[in-house]
Amino acid sequence: MNAGAQIAIRPLGDSALIVQLNSESLDDIDEVLRVARLLERAAIVGVTEITTAFTTVAVFYDPTRVVVGGNEGLFDCLEAQVRSALAQLSTGEPVRSASDQEVIEIPVCYDHGYALDLTDVAAHASLAPAEVIALHCSAEYRVATVGFTPGFPYLSGLPSQLATPRRASPRAAVPAGSVAIGGRQAGIYAVSSPGGWHVIGRTSMQLFDVTRNPAALLRAGDRVRFRCITAAEFHAAAADSLPERAQATANK
Amino acid sequence: MSIHVLSPGFLTTVQDNGRGGYRNAGVASGGALDSYALKIANWLVGNDASAAGVEVTLGGVRLRFADARVITWCGGKFDVRVGGTPMSPGRPVLTRAGDELTIQRPEIGCRAWLAISGGVDVPSVLGSRSTDLRAKFGGVEGRALQPNDVLQLGPNPQRSRELIVALEPAREASWFAPPEWAAPATRAPVLRVMRGGEWLRFDPASREALLRETFTVTPHADRMGVRLEGPALHHRGDELPSEPVAAGTIQVPPSGEPILLLPDCQTIGGYPKLAHVITVDLPLAAQLRPGDRVRFELVRLAEAHRLLLRRERQLAMFRLALKMRSK
């Protein structure tokens, strides 16, 4: 199969381009990550940053450093190098697959004080709040992309019964750590920000912390589960919140 | 030594040339909204291009210097004075201990960048000293300057020390940056754009309207973006999954009012992208303030690249000229 035919490349302004995967599904994270990894490995001169979002990969570049040859234009030269790097895409070499990663567990307190919209979500789904919590904790999620604010993960894998349209009027400030549902996706507010998703609980984990490396707890492709904790556990955890990944990184 | 903030003005932040490499964590590139202006100002005072400076929004600023520094500023049409003496944009000036700098509300434009020899010495966070106001980190505690803040400065670099000697006793340099870089704001800006990824999803009348009509900057204007008011722009098709966006992207939400994104913008966005302001015209975008009227002119990608490479060559020449002057 010709990999080049499966992807479209188009400019994103004069200093970035978008590689669009011919993907029907928002959940096809592995393919997007494979493209990003191949491009990183190719180390194309002039490329400054590679980033993913759902079904696309963006390649940011410094036009003054892109190697231009012959009579081709700058963008054509860059596109040729990107396509060449992606020629291996069809060989099926695994880059990172979901199955060999550990699942990151996010403890969530679903008590009233934190679950600002739990009753709304329950009413919309015609379920009891306890059933919503059980369903939310039963699923395994994957981080489709990180964005909106620093560290905010968009999670695929939300049980379909829990899908809830966004709030008619967004909140001016959603507290950091709020675990939320927006349409068919789940997410976690990593920093306090305005937001229109339904908040059903709060985690004591810090999703984004600039004093930590990496600053964002989650990245695209990560597998995530939620675990219900009591208010007492929440407060104890919040009091000494050194997140697991920071420890894991420190131990490496 | 340091700078004492007597009056922080409307919105004044510490910024450098931006925070690259963290988009996958959802972190904006940020930095000075006119990266050319800060870079040129830094070179003029003897700093590296990466030194942190002060970004001033709409003026109202009063600062006091604790020691001798070479300073300059670039940006909109502001009244900037040191010890009561006006400072032209892009012309280095020597300040002494106790000197006060004032920046009044601008006649034209919105922002100015002040470079100080030695640079503002705040901690580097994720590889940059820039203030990220939304996520509240970088700069001074992740926030805008407040009265009585004290900005620590780095030591004067070798080149700046030479400039300090050279600028006695006149205090004002005889050389300066080209006005089109040091003072780019105009009353009726025309921003050059190239087609966005969803250009063809917009109906022909809307595409024509973007290039023919005048748009007004609304009060919804900050470091993340500028919402514009004008003829409603319509597109067909479904909602898109969010895609990466960048400074310069013009996206159009369902209201039909375009939003021009600036360097603190979100890393991804789901609204159709009608066009992109080209890099060499981002300095004009950084000067838009509520009430300003702006027009757009279409260029091709190859032209955007040609202009960018030409700008880069001009900057290299300018840098070389500054270096030779110090010999």
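The values are calculated or read from the model by the stated rules, or taken from the named source; none is laboratory data. Predicted model, so just to flag it, every value in this text is computed and none were measured. Here the Cβ positions follow ideal geometry from the backbone for every residue, glycine too, while neighbour counts run over all protein chains shown. We work out accessible area using only protein heavy atoms, side chains counted, and drop any ligands, DNA or RNA first. Shrake-Rupley method; radii C 1.70, N 1.55, O 1.52, S 1.80 Å.
Results, tabulated for the structure shown:
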item	result
Yes/no for residue B:297 being part of a strand (DSSP E or B) and either open to solvent by 30 Å² or more (accessible area, probe 1.4 Å) or more than 26 Å from residue B:112 (Cβ to Cβ) (or both)	yes
Residue that is nearest to residue B:29 (Cα to Cα) [pool: residues in the stretch B:249-277 that are in a loop (DSSP other than H, G, I, E, B) and of a type in the set (A, V, I, L, M)]	B:262
Residue check for residue B:315: in contact with a helix residue (DSSP H, G or I) (Cβ under 7 Å, 6 or more places away or on another chain) and open to solvent by less than 10 Å² (accessible area, probe 1.4 Å)	no
Qualifying residue in the stretch B:284-293 (condition: in a helix (DSSP H, G or I) and buried (at least 19 other Cβ atoms within 10 Å of the Cβ))	yes
The stretch B:74-94 residues that are within 15 Å of residue B:63 (Cβ to Cβ) and touching a residue at least 12 places away in the same chain (Cβ under 8 Å), paired with ones that are assigned to a strand (DSSP E or B) and charged (D, E, K, R) (beta carbon under 7 Å, 6 or more apart)	B:83/B:100; B:87/B:81; B:93/B:172
Check on residue B:181, under 20 Å from residue B:283 (Cα atoms), surrounded by fewer than 23 Cβ atoms within 10 Å (Cβ to Cβ) and either more than 14 Å from chain A (Cβ to nearest Cβ) or in contact (Cβ under 8 Å) with a residue 40 or more places away in the chain (or both)	yes
Pick from the stretch A:135-153, criterion assigned to a strand (DSSP E or B) and at the interface with chain B (Cβ under 8 Å from one of its Cβ atoms), ranking: nearest to residue A:55 (Cα to Cα)	A:145
Residues of the stretch A:171-185 satisfying the condition of being closer than 26 Å to residue A:234 by Cα and assigned to a loop (DSSP other than H, G, I, E, B)	A:175, A:176, A:177
Tally of residues being assigned to a loop (DSSP other than H, G, I, E, B) and either buried (at least 23 other Cβ atoms within 10 Å of the Cβ) or within 12 Å of another protein chain (Cβ to nearest Cβ) (or both) across the stretch A:187-204	5
Residue B:237 more than 18 Å from the chain's Cα centre (by Cα) and either surrounded by 16 or more Cβ atoms within 10 Å (Cβ to Cβ) or over 28 Å from residue B:183 (Cα atoms) (or both)	yes
Filtered residue count, the stretch B:30-62, keeping only those that are within 14 Å of chain A (Cβ to nearest Cβ), of a type in the set (Gly, Ala, Ser) and either within 16 Å of residue B:120 (Cα to Cα) or surrounded by fewer than 24 Cβ atoms within 10 Å (Cβ to Cβ) (or both)	3
Selection from the stretch B:125-135 of residues that are modelled with pLDDT of 95 or more, under 22 Å from residue A:194 (Cβ atoms) and charged (D, E, K, R)	B:132
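One line per residue, one yes/no per condition, for (1) touching a Leu at 6+ places or on another chain (Cβ under 6 Å); (2) free of Cβ contacts under 8 Å to residues at least 12 places away in the same chain; (3) buried (at least 19 other Cβ atoms within 10 Å of the Cβ):
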{"site": "B:269", "(1), (2), (3)": "no, no, yes"}
{"site": "B:279", "(1), (2), (3)": "yes, no, yes"}
{"site": "B:302", "(1), (2), (3)": "no, yes, no"}
{"site": "B:305", "(1), (2), (3)": "yes, yes, yes"}
